[in-house]
Structures are given as structure tokens and as C-alpha cells.
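To start, the structure itself, in C-alpha cells.
Only the coordinates and a few stated rules stand behind these numbers; no lab work does. Quick caveat: nothing in here was measured; it's all calculated off a predicted structure. A quick note on method: Cβ atoms are made from the backbone with ideal geometry, for glycine too, and the neighbour counts reach across all protein chains shown.
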Amino acid sequence: MAINYKICPYCNSKDVVKILYGYPSGDMIMSEATGKVKLGGCLINIEYSPDYHCNNCENQWDKEEAIYYAYEKIKKIKVSIGGYHQGHESLSIDLKTGEMTYSHSIDEEDNLSISLYPDVLEDFKDKLIGTNILNWKRNYDDNEILDGTQWEVELVRAKRNIKRSGSNHYPKEWEEFCKLISEISGRDFR
Ligand SMILES: [Zn+2]
């Protein structure tokens, strides 16, 4: 689970509490007084009712926003897929500038280095959230087979990079992910 809802997306503080809605009990009022929860009141706004409150900067957010901010922290995505027989394909997309490079270890005439249009890049970022990549396991492996297809995805961030990899095994969103990177690069990933 790479998405931590309880880190403030605005100031990075960990002094974050859950917002409780409804008529408060005495215990809940005590908990709020000591900064352990935040009371959201009895009137629930159907349009928007945030789930978390930052004690440090007073900002509030819901789960969907937390997911959006977690993906916004990714600066660059690097994908490599291949095997002994088919060669290796590498794709790198800078999610801030739209710079995209593709290379193939055998078919070098397929190599590519272009800049994506801003709206194409935004669309890619939206769809990347749909692949749930931040919640993939670290490794998908089948130790029985040494041959076949190996893959790795690296998400470059300001602090800690995230790596996902596998050998002949894939997360359940893999097909969707390959479709997405095939579409954006015009190259065949699977
Ligand atoms: Zn904050």
C-alpha cells in the first residue's frame, strides 16, 4: 500500500486525524479536544465531505484527493519489458515535461524520442491512476521459469523511487497498463 491517506498532501505533516461525522458523544468531544479526531458535524454535505484533517495546516481532504496527490508526486515513469528471445523494450515518460523516449534492443529503427502534447500527457496521467500501479505488489515472480518475460516499472519521485517488477507473472491490471503504454508510445507492449 503506497498511498498513505494520513500524510498531509499540503504540508507533508503526519499530524493528521480522521474526521468523524454525526452527533458527537462525550468521548468524541474529549478526543477532539486532545487532537485525536476532528468532528465534522451532523450535517453531511453530500457533495463533499472530507475524510482527513491536518492539525498542522488545517487543510482537509478525502480519499480521492489523497490518491490524486500521491500520483502527482511521480515525476517520471520508466518501463522495461523483455526476454532473451524477444529483446528488451524500454519506455520513459517525464510526467512533468512530457518528454518520452522509447528504445528496443534489437529493432533499433523503432527508437523514439518526442515530446507529448500537454493534453495527451494529462490524459495519460489520469489513466495511470486507473491502473492502480501504486498499490501493485513489489514483485510478481514465478521462480520455476527462468526464461520468458521479465518486466520492471520504476516510478521516479523527489524522495524515494518506487519499483515494481516481475517474471512471467503480472498484476491483474497488467493488460490495461500495457494497453495504455502501447497507445501512448505507438509501440507494442505486452
Ligand atoms: Zn498539513
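Charges were assigned to the Cβ only: +1 to each Lys and Arg, -1 to each Asp and Glu. The resulting dipole of the chain about its Cα centre is roughly 960 debye.
Scanning residues 5 or more positions from Thr149 or on other chains, those with amide H under 5 Å from its amide H are Asn168, with H placed 1.01 Å from N in the peptide plane.
Working note: Karplus 6.51/-1.76/1.60 with θ = phi - 60° gives segment 120-137 the couplings 5, 5, 4, 4, 4, 5, 4, 5, 4, 4, x, 7, 6, 4, 5, 9, 5, 5 Hz, where Gly and Pro are set to x. Between the amide H of Tyr21 and those of Gly40, distances stay under 5 Å, these residues lying 5 or more places away or on another chain, with hydrogens modeled in the peptide plane. A cut-off under 10 angstrom between Cβ atoms defines the neighbours of Tyr102, and their net charge, with Lys, Arg +1 and Asp, Glu -1, is -1. Could you tell me how far the Cα centroid of segment 83-117 sits from the Cα centroid of segment 38-65, in Å? Spelled out, the Cα-based centre of one part sits 42 Å from the other. Karplus-based coupling profile of segment 71-79, in residue order and whole Hz: 6, 5, 6, 7, 8, 8, 10, 10, 10, with θ = phi - 60° in 6.51 cos²θ - 1.76 cosθ + 1.60 and x standing for Gly or Pro. By the count of neighbouring beta-carbon atoms within 10 Å, fewest first, His169, His85 end up ordered His85, His169. Can you flag which of Lys76/Lys127; Lys96/Lys127; Lys6/Lys63; Lys96/Lys172; Lys75/Lys163 are past 19 Å Cα-Cα? Result: Lys96/Lys172 exceed 19 Å. Phi angles of segment 166-173 translate, via the Karplus equation with coefficients 6.51, -1.76, 1.60 and θ = phi - 60°, into HN-Hα couplings of x, 9, 6, 10, 9, x, 5, 8 Hz per residue; Gly and Pro are given as x.
Dividing the Cα radius of gyration of the chain by 2.2 N^0.38 Å, with N the residue count, gives 1.31.
Every helix of 4 or more DSSP H residues in the chain counts as -39500 (n - 2.57), and over all residues that averages to -7000 deg cm²/dmol at 222 nm. Using C-alpha pairs under 8 Å with a sequence gap of at least 6, the mean separation divided by the residue count of the chain gives a relative contact order of 17 percent. Loop exposure criterion: GluC sites (Glu not before Pro), DSSP state outside H, G, I, E and B, at most 14 other Cβ atoms within 10 Å. Applied to the chain, the longest stretch between such sites is 59-143.
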